[in-house]
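To start, the structure under review is shown below, and the notes come after it.
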Amino acid sequence: MTVQNVLPCVEYTGNGAQTNFQFIFRVDDPTWIVLGFTTDFLQLNLNADQDSAPGGSVDYSIAPPVDQIVLITRITPKDQDLDYTRYDSFDSESHEDALDKLTMLVQDLCKIVVDGFALVAAQIALLQNAVFVNFCLLNQTIVSAGGIVTFDFQAGMGISWTLTENVTTVNFANIPAGTNLCQFELDLIQDGVARTIAWPASILWPASGTIPDITAINSRAQIHLRTTDAGVTWLGSYVENLG
């Protein structure tokens, strides 16, 4: 017998009418077939001569629904049943069957490896999708109300903020738990009137705790805030009075 160079699986998409699904890879035993969709499964048909006409078909009593994936896969048993007896005549047919089974096992393994790489690639693509990228690079514009302002990590790490009043309370929202890194980059613009900000005591500023000087009218300051303890403490740094 022989084994064709084909993938040991085939995938169909249901259309609500088709009930018979063909496959062309060799299968020596019906138990080697695994179906991804079994609802209303009727019967498995193997071609009589798997050498010259490998494969068969799967029948359903009711057609799989529209867009339903119908996956037909061969899973070759990972065993070896051939046993040679010393001094007996050489049974070439049994020997070839054993080699064919090894080939089918290799095909099954190759399919698993290919699917594994595809899954890894899909997971990488998921990490690179628009939601993740936008979340990392998103810049939000905020305003205070009643002297209160909130830095929401889920809304973006970049913050554009033009002061319009004195701020007495700075809140943080949706800060990652544990030791995960969270940081904000603030582009802070002073009003035409010198506004003030009462920064939280949890922010540790450089130069012995000197807070940013934002009092210059219409000036700009760049402020960086960083925490790795869920916001219990923040490390603050800044470049002030950029004009």
Tally the residues that are modelled with pLDDT of 70 or more, in contact with a Gly (Cβ under 8 Å, 6 or more places away or on another chain) and not in a strand (DSSP E or B), restricting the search to segment 117-145. 1
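Here's the yes/no breakdown for (1) hydroxyl-bearing (S, T, Y); (2) buried (at least 17 other Cβ atoms within 10 Å of the Cβ); (3) in a strand (DSSP E or B):
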position	(1), (2), (3)
L7	no, no, no
F25	no, yes, no
T38	yes, no, no
P64	no, yes, no
T76	yes, yes, no
D81	no, no, no
T85	yes, no, no
S94	yes, no, no
L99	no, no, no
Search segment 68-94 for residues that are small (G, A, S) and pair each with any residue that is surrounded by 11 or more Cβ atoms within 10 Å (Cβ to Cβ) when their beta-carbon atoms are under 8 Å apart and the residues are at least 6 apart or on different chains. S94/L82
Please work out if D83 is of a type in the set (D, E), under 30 Å from Q18 (Cβ atoms) and in the same structural domain as G14 (by TED's automatic domain parsing). no
I'm trying to understand the selection: among the residues of segment 182-218, which are over 18 Å from N139 (Cβ atoms) and touching a residue at least 40 places away in the same chain (Cβ under 8 Å)? I214
Of all residues in segment 1-29 being over 35 Å from the mean Cα position of the chain (by Cα) and not acidic (D, E), which is nearest to E93 (Cα to Cα)? M1
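The values are calculated or read from the model by the stated rules, or taken from the named source; none is laboratory data. Predicted model, so just to flag it, every value in this text is computed and none were measured. Note that we place each Cβ from the backbone using ideal geometry, even for glycine, and neighbour counts take in every protein chain shown.
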